[in-house]
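Report on the following structure.
Nothing in this text is a laboratory measurement; each read-out follows from the coordinates by a stated rule. Computed from a predicted model, the values in this text were never measured in an experiment. Reconstructed Cβ throughout: ideal geometry from the backbone, glycine too, with neighbour counts over all protein chains shown.
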Number of protein chains: 2
Amino acid sequence: MSKSTPATIEDVARLAEVSIATVSRAIHTPEKVAKETRLKVTQAIAITGYTTNAMARSLRLGRSNMILVVAPDIGDPNFSNILIGLENEARAHGYGVLIGHTQNDPQRGLEYLKFLNSNQAAGMILFTGILPFGHQTMTARLPPSVGVFEPVYNGGIPYVGVDDAAGARKAIDLLIAEGHRRIAFIGESRTRLGHARRKAGYEDGLRAARLELDPGLIMPGDGTIESGRLAVEQLFMRDTLPSAFMCVNDQTAIGVMLALTARGYSIPGDFSVTGFDDVPQATFMNPTLTTIRQPRTAIGKQAMALLFKLLQDEKPEETEILLAPDLVVRNSVGAPKGRR
Amino acid sequence: MSKSTPATIEDVARLAEVSIATVSRAIHTPEKVAKETRLKVTQAIAITGYTTNAMARSLRLGRSNMILVVAPDIGDPNFSNILIGLENEARAHGYGVLIGHTQNDPQRGLEYLKFLNSNQAAGMILFTGILPFGHQTMTARLPPSVGVFEPVYNGGIPYVGVDDAAGARKAIDLLIAEGHRRIAFIGESRTRLGHARRKAGYEDGLRAARLELDPGLIMPGDGTIESGRLAVEQLFMRDTLPSAFMCVNDQTAIGVMLALTARGYSIPGDFSVTGFDDVPQATFMNPTLTTIRQPRTAIGKQAMALLFKLLQDEKPEETEILLAPDLVVRNSVGAPKGRR
DNA sequence: AGGATTGATGTAAAGGTTTACATTCGGAGT
DNA sequence: ACTCCGAATGTAAACCTTTACATCAATCCT
């Protein structure tokens, strides 16, 4: 049991007095090898401490048993729970998960493209709305891939995520039910498809209630705390204010709440606020944030399950799996001021 | 430029009308190949879109150009910034970084051990205070490794992190300077070495000021928000209260602040609170949290630099690199109540 | 009893690289 | 003119697996 060099299949074969082919078979197709031989091999493996060299295995097989999860920002509060769902499902299939962090840097994306090209990963989960490989994206040979959390723009990659429009609809319906008539939408985005869908849900809700759709109440934003803050400042520079802020995500909502509190307003006394995602922080705000919960681990689980379907060459019936979002009522929503 | 199969070195060789050895040399030791040959090869590479198969390369070389970063919880707010430091430095050396997420599950740790054993990573960064390989930890053949953020218990692994004792000392000194005499320490831990050092800094500070060290003011905790909350509840059940809460980390401090606010107390009017780490959330609390800043990207950078020293067989002079922490004064600390 | 079938095992190739060693060739030194 | 040297390139082995094919012995069928 020398520690200097890992035991190879040959060491095991020698010790068990069989050929390397038999060892390999004993591991992968045990029913094809005689019971006593199998036993000898098992013992030899235990003694040598052999573990198969995944590198050689993958080289031979032309595919590995790792799945690459590519994320632009692993600090995203949504990421870790989705990842857990991904990992658990991958594990159930005997696969491992590795995380690639791109920081939105195409150079970095390219490194992972290389990683994929040399078969170091059998498949890919994309945590980003855009293929992160810069201009090489067009010509890239990609392994089976599934987008998650954010629909992927380029290249018909199937997607698993929450039903953004339905979730947004739940938020807007709540605000309308509370009596709000002027409701701002904070965080409009042209580039993020998921956020666009949330805005569509907002508009649908207004239309369904026959409320005016005031473009002056729609503020752009990139989903950061800072963008939420900024939107509030800009709205206050205008003459007409909303009574409620429906935010494209929780981060934005946090920014909005901070800005409102900083100006001395009370929530939900003066203004109501809703978020989207239900990040852990939503519980720790003051007041706690009413928001839409993403079924994060479920998303991860289903995305990985879909990826394995793709790996087995099954063309998936649907290209998009949308999971139902839940409304989480906390303390940031109340009746509008005049209506008290 | 068929997309079906990645180009191999042989494709390049054929196109450039040289042998595969020459291609390999043109890539790795260009000075050993004639200028015109080099040109032909470069062009052939461009035409075929060849990228070297890292799998085969690593198999041959017995080492890869990937570094594995093992973390029990990638949701830790400290993680992402340290990771950025790690990644940038790795990149400067031509290495890539992969993240392994163990969820504190030894089974999962074992998967990464396999990964390491088959040379899929040249080195390892540990984001955890303990080797995550369960009982196999003892016999594990490990590649060069460096601990980060939390000193590693088992097996003399070098460590790069903040100077916990010095940081804690800055916090306690601030509280004492403000006039506090009864200062609780929230989050005592026997198992987490870094946290133990923070407590040591707390004790040193008290001693230096010739203040009584009341064991009743030291509360255990595991560094979670919940543990901070709990500690406050327990302290309130006793008769004597502190005027300030020095918390082992920001998460704990957040829990403490939530519990105090829930009971209707004002911070820092009724009680002062300090944290440790300076996580992003510290800015968004109400009041904003006075804390000790970890130089996170610097830690990552230095840890990776140290790892590369190890990879080059240089025995590192020191086994522990401690970086200086900074006190970040915000609004959660004031004079004690009686002293107003 | 003889041929066919089955089950267990072994042999060897293949996967894409790197590199020690061998080969070739031109030119310098005598 | 011959030897020797160095530069440039080629040949082939090695890294560790998996697996198609070959081999062999034992069992079955008629």
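What are the radius of gyration and Dmax of the protein assembly as shown, computed over its Cα atoms and given in Å?
28.3, 88
Normalised by the residues of chain A, what does the relative contact order come to in percent, with Cα pairs under 8 Å and at least six apart?
So the answer I get is 17 percent.
Tell me, what ³J(HN,Hα) does each residue in the stretch B:156-167 have, in order and in whole Hz, if you take phi through Karplus 6.51 cos²θ - 1.76 cosθ + 1.60 with θ = phi - 60° and put x for Gly and Pro?
The phi angles translate into x, 8, x, 9, 10, x, 7, 7, 4, 4, 4, x Hz.
Points 7 angstrom from Cα along the Cβ direction at B:Arg210 and B:Glu178: gap in nanometres?
2.4 nm
Nearest 500 deg cm²/dmol is fine: what mean residue ellipticity at 222 nm does the protein assembly as shown get from its DSSP H runs of n ≥ 4 alone, each adding -39,500 (n - 2.57), divided by its residue count?
-12500 deg cm²/dmol, from helical runs alone.
In 5 Å bins starting at 0, how do the alpha-carbon pair distances of the stretch B:107-239 split up by percent?
With 5 Å bins starting at 0, P(r) equals 2, 9, 16, 17, 15, 12, 10, 8, 6, 4, 2, 0.
So how strong a dipole does chain B carry about its Cα centre when Lys and Arg Cβ are +1 and Asp and Glu Cβ are -1, to the nearest 20 debye?
On the way: 37 positive and 35 negative charges, 97 e Å.
Dipole of chain B, to the nearest 20 debye: 460 debye.
Can you pull out the GluC sites (Glu not before Pro) in the stretch A:16-86 that DSSP calls coil and that have at most 16 other Cβ atoms within 10 Å?
Qualifying residues, ordered by number: A:Glu17.
Taking amide H positions as placed in the peptide plane 1.01 Å from N, state which residues far from B:Val97 in sequence (5 or more) or on other chains have amide H under 5 Å from it.
Here B:Ile67 satisfy the definition.
Counting partner chain Cβ atoms within 10 Å of every residue's Cβ in B:57-64, what's the average?
Shielding by partners across B:57-64 averages 3.
Write out the trypsin sites (Lys or Arg not before Pro) in the stretch A:231-328 meeting two conditions: DSSP loop, and at most 15 other Cβ atoms within 10 Å of their Cβ.
For trypsin sites (Lys or Arg not before Pro) across the stretch A:231-328 that sit outside H, G, I, E and B with at most 15 neighbouring Cβ atoms in 10 Å, the list reads A:Arg238, A:Arg263.
From the backbone phi of the stretch B:217-229, what are the Karplus-calculated ³J(HN,Hα) couplings (6.51 cos²θ - 1.76 cosθ + 1.60, θ = phi - 60°) in whole Hz, Gly and Pro given as x?
Coupling constants for the stretch B:217-229: 9, 9, 10, x, x, 10, x, 9, 4, 4, 5, x, 4 Hz.
Which cross-chain or sequence-distant (5 or more) residues have an amide H under 5 Å from the amide H of B:Glu188, H modelled 1.01 Å from N in plane?
Close amide H contacts, sequence-distant or interchain: B:Met219, B:Gly221.
Cα atoms only: what Rg and Dmax, in Å, come out for the stretch A:137-214?
Rg then Dmax for the stretch A:137-214, in Å: 16.0, 53.
Which percentage, to the nearest 5, of the DSSP beta bridges contained in the protein assembly as shown is antiparallel?
Antiparallel: roughly 10 percent of the beta bridges in the protein assembly as shown.
With an 8 Å Cα cut-off and a minimum separation of 6 or more residues, compute the relative contact order for the stretch B:9-52 in percent.
Across the stretch B:9-52, relative contact order equals 43 percent.
Evaluate peptide A:280-292: per residue, the Cβ atoms of other protein chains within 10 Å of its Cβ; return the mean as an integer.
Taking all residues of A:280-292 together, the mean is 2.
Can you give the average number of partner chain beta-carbon atoms within 10 Å of each beta-carbon in peptide B:255-266, as a whole number?
Per-residue shielding by partner chains comes out at 1.
Tell me, Kirkwood radius of the stretch B:1-121 from alpha-carbon pair distances, in Å?
After inverting the pairwise mean of 1/r, the radius is 17.0 Å.
Arrange the following residues from fewest to most other Cβ atoms within 10 Å of their Cβ: A:Glu111, A:Glu314.
Result, fewest neighbours first: A:Glu314, A:Glu111.
Quick one: label points 7 angstrom along Cα→Cβ at A:Ala92, distances to the other copies in nm, smallest first?
So the label point of A:Ala92 gives 4.4 nm to the other copies.
Once the cut-off is 21 Å, how many percent of the Cα-Cα pairs in the stretch B:228-340 end up in the long-distance tail?
Result: 47 percent of Cα pairs exceed 21 Å.
With +1 on the Cβ of every Lys and Arg and -1 on the Cβ of every Asp and Glu, and nothing else charged, how large is the dipole of the stretch A:213-252 about its Cα centre, in debye rounded to the nearest 20?
Numbers: 2 positive and 6 negative charges, 12 e Å.
Approximately 60 debye in magnitude.
Scan around A:Leu323 for amide H atoms under 5 Å from its own, H built in the peptide plane at 1.01 Å from N, and keep only partners 5 or more places away or cross-chain.
When sequence neighbours closer than 5 places are left aside, the close amide H contacts are A:Gly161, A:Val162, A:Asp163.
Show me, for the stretch A:180-190, the HN-Hα J-couplings you get by feeding each phi into the Karplus relation (A = 6.51, B = -1.76, C = 1.60, θ = phi - 60°), rounded to Hz, glycine and proline as x.
6, 10, 10, 10, 7, 10, 10, x, 5, 9, 8
So what's the Cα pair-distance distribution over the stretch B:9-52, bin width 10 Å, in %?
35, 61, 4
Just the number, please: Stokes-Einstein D of chain B in µm²/s, Kirkwood Rh from C-alpha pairs, 20 °C, 1.002 mPa s.
Answer, rounded: 94 µm²/s.
Between B:Arg190 and the same site in the other copies, what are the distances in nm, shortest first, taking label points 7 Å from Cα along the C-beta direction?
6.2
Positive end of the charge dipole of chain A (Lys, Arg +1 and Asp, Glu -1 on Cβ, about the Cα centre): tell me which of A:Met246, A:Gly334, A:Asn65 has its Cα farthest that way.
It is A:Asn65.
Would you work out which of A:Ala303, A:Met237, B:Thr22 lies farthest towards the positive end of the dipole of the protein assembly as shown? Charges go on Cβ: Lys and Arg +1, Asp and Glu -1.
B:Thr22
P(r) of the stretch A:63-119 in 10 Å steps, Cα pairs, percent per bin?
Result returned by the calculation: 23, 47, 29, 1.
Can you give me the Cα centroid spacing of the stretch B:61-91 and the stretch B:186-230 in angstrom?
A separation of 30 Å, based on Cα centres.
Got the B:Arg207 label distances to the other copies yet, label 7 Å along Cα→Cβ, in nm, shortest first?
7.2
Quick one: dipole size for the stretch A:9-52, taken about the Cα centre, charges +1 on Lys/Arg Cβ and -1 on Asp/Glu Cβ, in debye to the nearest 20. Please list the in-between numbers first.
Working: 6 positive and 5 negative charges, 28 e Å.
It works out to roughly 140 debye.
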